[in-house]
Amino acid sequence: MTTPKIIYTHTDEAPALATYSLLPIVQAFAAKAGVPIVTRDISLTGRILAQFPDRLTDAQRVNDDLAELGKLTLEREANIVKLPNISASIPQLKAAIAELQAAGYAVPDLPDDPQTAEEKDVAARYDRVKGSAVNPVLREGNSDRRAPASVKNYARKHPHKMGAWSRDSKTNVATMGAGDFAANERSVTMPAADTLRVELHAADGTVTVLREKIPVLAGEIVDATRMDVAALKSFLAAQVKRAKDEGILFSAHLKATMMKVSDPIIFGHVLKAYFADVFERYGADLAAAGLSANDGLAAIFKGLEALPNGAEIRAAFDAALASGPQLAMVDSDRGITNLHVPSDVIVDASMPAMIRTSGHMWGPDGKEHDTLAVIPDSSYASIYQATIDDCRANGALDPATMGSVPNVGLMAQKAEEYGSHDKTFEIAKAGTVKVLDSAGKVLLEHQVGAGDIWRACQTKDVAVRDWVKLAVKRARATGDPIVFWLDENRAHDRELIKKVNAYLPEHDTSGLDVRILAPEAATKLSLERIRQGLNTISVTGNVLRDYLTDLFPILELGTSAKMLSVVPLLAGGGLFETGAGGSAPKHVQQLTSENYLRWDSLGEFLALAVSFEQFAQVTGNARAQVLADTLDAATGRFLEENRSPGRKLGTIDNRGSHYYLAQYWAQELARQTADPELAAAFAPVAKALTDGEAKIVEELLAVQGSPADIGGYYRPDPAKAARVMRPSGTLNGIVDGLSG
């Protein structure tokens, strides 16, 4: 990397649209301080196009920016601001492909059942795009997520609404506990570097190589487990009956985006359990038409329109919906159930939202109801049950007084389950799956049945060592207790606990409170301390990092998008993630229908400040530190003045919030004394932005209320999107004039 620069990622949906408004402001301010900011496209369509240069014209070809950024993370100069992107489910991937094809890009269809060599090649390329394809490439470090002081203070002064809890609430989590991934896990720490392979030794005597080569390093933890499909089916059938008997909503909570191999299959089993009679009667018809339960009800209903007996099958589905337990809804008004699309209900977002809303989800009648939350695998389900039990016993948490649970997450180098996709298989026939070393010795093995889901995970020693170091660093910086959420009764965690106990003595832990607790006990301790207004740092594996950095921030701040999310890269660079939320498709719908974008860019403001700070430290550019300090101060004022987007027409939206940030930032830059030359440069900018407030706000509000044309959903037209997102000529004149 020649000239140090900040990379600002172009992603998808609401954050991508917000970028058209915010980035010109940030680039103009940063340029005055000699800090170059450039973009790289890691959007879903950008990643699709990068896979098919051979199908595109010269003008249509794009650089593989994700691969470029993956290499950059291995450099000390890496400084990447990463906005939320789509983790594409199959329906989303197909929709994005169709949009590109309609726009003249000759990308191929996604083959449902690849048979030919060409189809298999196309499927393999799309496989690199679907699911959570971005984060594992960029996250070459562990995770440090916390609520900045300015955000926490604002939340205490302006607590968000929390639903009241009843002691009579019938809401609960249903989980397996036997026959699942948690129960069947086996784990080993590698004594030396090696190359492993995975084989299925079928009962009929055949041997199939599932994975030819898995390189492993000395000290690496390798584990394997399976989901027993017979146990899963039995469990799901019981939960459908339980929800009906208890008169509560039935809901399933999975992560079909990140766990892109296992969870769509489990989702399909949930759907088949709920509609058992329909699949028993019409399963062959659906299969013959290529309609899979794994893709959800929406895809099935659409496909039924083309079948001769489609109306008959649809009537059977409708009858099952009427007679079964009521389903939790994603959109009651439009009849979208939580079984419509596998990626609509994502456990780390859906469970905290339910807990925040009195333990309720929305029913088909458009009202809130108690819910049975089905989380089939029991590995982490207890954290949600413990939180529900706490709220049922003690009432809702109080955002005005509650403490925080910052997180240090083991994430580097595709640690644990979130790196398992290429080692996850739906087993074709009964037998034994074996993990063998290069000498042919069996390290791990499982008896499996046809349809079982088997997977293996890897966790690198260097990642664990760095994770322990980061945990101690955060404890030392804050004085708060650190709790390693590890269960000695779980095979993988036992291996991790050995490493934690070996690496803690490498650091000065004198005077620090360091504990190791199983997730359920750790949840109870954290909640007990939260109610006392105390902070407890959670030190967790990769999945719990994901779950807890939604659970506690949503209860504490109302959203996880307000978290500071820093990934100190192992090579010394920095990845700065803008919050922990998704990419908010409903916000885009509102923008296109009434030209109002309610996306809150606070996460971007927070990430940019630490990005500028990192730039200053690596390059010695003192002005970058001035940008960081003044942006921090401006963000604090932004919160105090309550300039975040409103939620309804006639109030400022995302674009208006950017204007106010620019005004406050310019004022802070003009006021600071660390760099008088920079202060002088921003004095007229601050004056123009302040004096022009009435006119700028008027211009921003004037466009609201009518549809907006951005020229595409997954790949908006840049010129149209910029016109929509920068409607104030006065503001544009001031910002664009900065580069003059």
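Can you tell me the FRET efficiency between Ala306 and Asp422 if r is taken as the Cβ-Cβ distance and R0 is 35 Å, rounded to the nearest 0.05?
For R0 = 35 Å, the calculated efficiency reads 0.55.
Mind checking the log10 I(q)/I(0) for the stretch 113-257 at q = 0.18, 0.19 Å⁻¹? Debye, one equal scatterer per Cα, no solvent, two decimals.
-1.34, -1.35
Quick one: Cα centre-to-centre distance for the stretch 684-740 and the stretch 522-583, in angstrom?
34 Å
Residue separation times 0.36 nm, minus the C-alpha to C-alpha distance between Ala680 and Ala322: what's the value? Don't skip to the answer; put the middle values down first.
On the way: separation 358, 0.36 × 358 = 128.88 nm, distance 6.91 nm.
My answer for the length gained is 122.0 nm.
So how tilted is helix 654-671 from the main axis of the chain? Cα-based, degrees 0 to 90, rounded to 10.
50 degrees
Using a ≥ b ≥ c from the Cα gyration tensor of the chain (square roots of the eigenvalues), is it rounded, prolate or oblate, where a/c under 1.5 gives rounded and otherwise the larger of a/b and b/c decides, a/b for prolate? Please report the intermediate quantities before stating the final value.
Numbers: a/c = 1.45, a/b = 1.30, b/c = 1.11.
In terms of gyration-tensor shape, rounded.
For the pairs Lys272/Lys429; Lys120/Lys302; Lys414/Lys473; Lys260/Lys429; Lys272/Lys562; Lys82/Lys720, flag any whose C-alpha to C-alpha distance is greater than 29 Å. Each step should come with its number before you reach the end.
Working: Lys272/Lys429 21 Å; Lys120/Lys302 26 Å; Lys414/Lys473 22 Å; Lys260/Lys429 21 Å; Lys272/Lys562 38 Å; Lys82/Lys720 23 Å.
Those over the limit are Lys272/Lys562.
Rounded, prolate or oblate: which fits the stretch 295-342 when a ≥ b ≥ c are the square roots of the eigenvalues of the alpha-carbon gyration tensor, with rounded for a/c under 1.5 and prolate only if a/b beats b/c? It would help to have the intermediate numbers written out before the result.
Details: a/c = 2.32, a/b = 1.41, b/c = 1.64.
Verdict is oblate for the stretch 295-342.
Between Ala237 and Val462, what length comes free when the chain is fully extended (0.36 nm per residue of separation minus the Cα-Cα distance, one decimal in nm)?
76.7 nm
Once the piece of chain linking Lys695 and Ala67 is laid out straight, how much longer is it, given 0.36 nm per residue of separation minus the C-alpha distance between them?
Working: separation 628, 0.36 × 628 = 226.08 nm, distance 4.38 nm.
The span from Lys695 to Ala67 would gain 221.7 nm if fully extended.
Set the Förster distance to 30 Å, then compute FRET efficiency between Glu368 and Ala284 from the Cβ-Cβ distance, nearest 0.05.
Values: r = 39 Å, r/R0 = 1.30.
The computed FRET efficiency comes out at 0.15.
Pull up all non-local amide H partners of Leu210: gap of 5 or more, or a different chain, and H-to-H distance under 5 Å with H placed in the peptide plane.
Val198, Glu199, Leu200
Cut-off is 10 Å between beta-carbons; in what order do Thr635, Thr401 appear when sorted fewest neighbours first? Numbers along the way, then the final one.
Values: Thr635 23, Thr401 12.
In order of increasing Cβ crowding within 10 Å: Thr401, Thr635.
Quick one: which of 73-86, 384-397, 50-63 comes out on top by average Cβ neighbours within 10 Å, and what's the full order, highest first? Intermediate values should be presented prior to the final figure.
On the way: 73-86: 21.8, 384-397: 18.9, 50-63: 13.5.
Taking the mean over residues of other Cβ atoms within 10 Å, the ranking is 73-86, 384-397, 50-63.
Could you give P(r) for the stretch 510-598, binned at 5 Å from zero, as whole percent values over all Cα-Cα pairs?
Bin by bin from 0 Å, the calculated values are 3, 10, 15, 19, 17, 14, 9, 6, 4, 1, 1, 0.
Separation between the Arg156 and Lys441 pseudo-spin-labels, each 7 Å from Cα along Cα→Cβ, expressed in nm?
Between Arg156 and Lys441, the label points sit 5.6 nm apart.
Cβ neighbours within 10 Å, averaged per peptide: list 99-105, 591-597, 428-434, 663-669 in order, most packed at the top. Walk me through the intermediate numbers first.
Details: 99-105: 14.6, 591-597: 20.7, 428-434: 17.7, 663-669: 24.7.
Packing proxy ranking, top to bottom: 663-669, 591-597, 428-434, 99-105.
Aspartates and glutamates near Lys499 by alpha-carbon distance under 19 Å, same-chain residues fewer than 8 away left out - which ones?
Excluding near neighbours in sequence, the set is Glu185, Glu220, Asp223, Glu416, Glu417, Asp461, Asp466, Asp487, Glu488, Asp508, Asp513.
Please work out the C-alpha center-to-center distance from the stretch 1-58 to the stretch 392-428 and express it in whole Å.
29 Å
State, to one decimal in nm², a quarter of the convex hull surface area for the C-alpha atoms of the stretch 272-404, i.e. the direction-averaged projected area.
Working: hull surface 39.3 nm².
Mean orientational projected area (the stretch 272-404, Cα hull): 9.8 nm².
Taking every DSSP beta bridge with both residues inside the chain, roughly what % is antiparallel (nearest 5)? Provide the component values of the computation, followed by the final result.
Details: 52 of 82 bridges.
Looking only at bridges with both residues in the chain, the antiparallel portion is about 65 percent.
Taking θ as phi - 60°, what are the ³J(HN,Hα) couplings along the stretch 172-183 by the Karplus curve (6.51, -1.76, 1.60), each to the nearest whole Hz, with x for Gly and Pro?
Whole-Hz 3J(HN,Hα) from phi for the stretch 172-183: 8, 9, 10, 9, 6, x, 9, x, 9, 4, 5, 6.
What residues qualify as long-range amide H neighbours of Leu327, i.e. H under 5 Å apart, gap of 5 or more or another chain, H built at 1.01 Å from N?
Phe250
What shape does the stretch 227-295 have by the C-alpha gyration tensor, where a ≥ b ≥ c are the square roots of the eigenvalues, rounded means a/c under 1.5, and otherwise prolate means a/b greater than b/c and oblate the rest?
Values: a/c = 1.81, a/b = 1.16, b/c = 1.57.
Verdict is oblate for the stretch 227-295.
Arranged by the count of other C-beta atoms within 10 angstrom, fewest first, what order do Lys94, Lys423, Lys687 take?
Listed from fewest to most nearby Cβ atoms, that is Lys687, Lys94, Lys423.
Can you pull the one-decimal nm distance between simple spin-label points at Glu506 and Ala98, each 7 Å off the Cα toward Cβ?
Between Glu506 and Ala98, the label points sit 5.1 nm apart.
Give the angle, between 0 and 90 degrees and rounded to the nearest 10, that separates the Cα long axis of helix 491-503 from the longest principal axis of the Cα atoms of the chain.
40 degrees
How would you rank 118-127, 172-181, 552-561, 443-452, highest first, on the average number of other Cβ atoms within 10 Å across their residues? Provide the component values of the computation, followed by the final result.
Numbers: 118-127: 15.9, 172-181: 20.2, 552-561: 24.0, 443-452: 18.0.
Top of the packing list down: 552-561, 172-181, 443-452, 118-127.
Can you give the angle from 0 to 90° between the axis of helix 117-127 and the longest principal axis of the chain, with both taken from C-alpha atoms, to the nearest 10?
Approximately 50 degrees, to the nearest 10.
Every read-out reported here was derived from the displayed coordinates using simple, explicitly stated rules and does not represent laboratory data. Just so we're clear, the structure is a prediction, and the values are computed from it rather than from any experiment. Cβ coordinates were reconstructed from backbone atoms using ideal geometry, including for glycine residues, and neighbour counts include every protein chain displayed.
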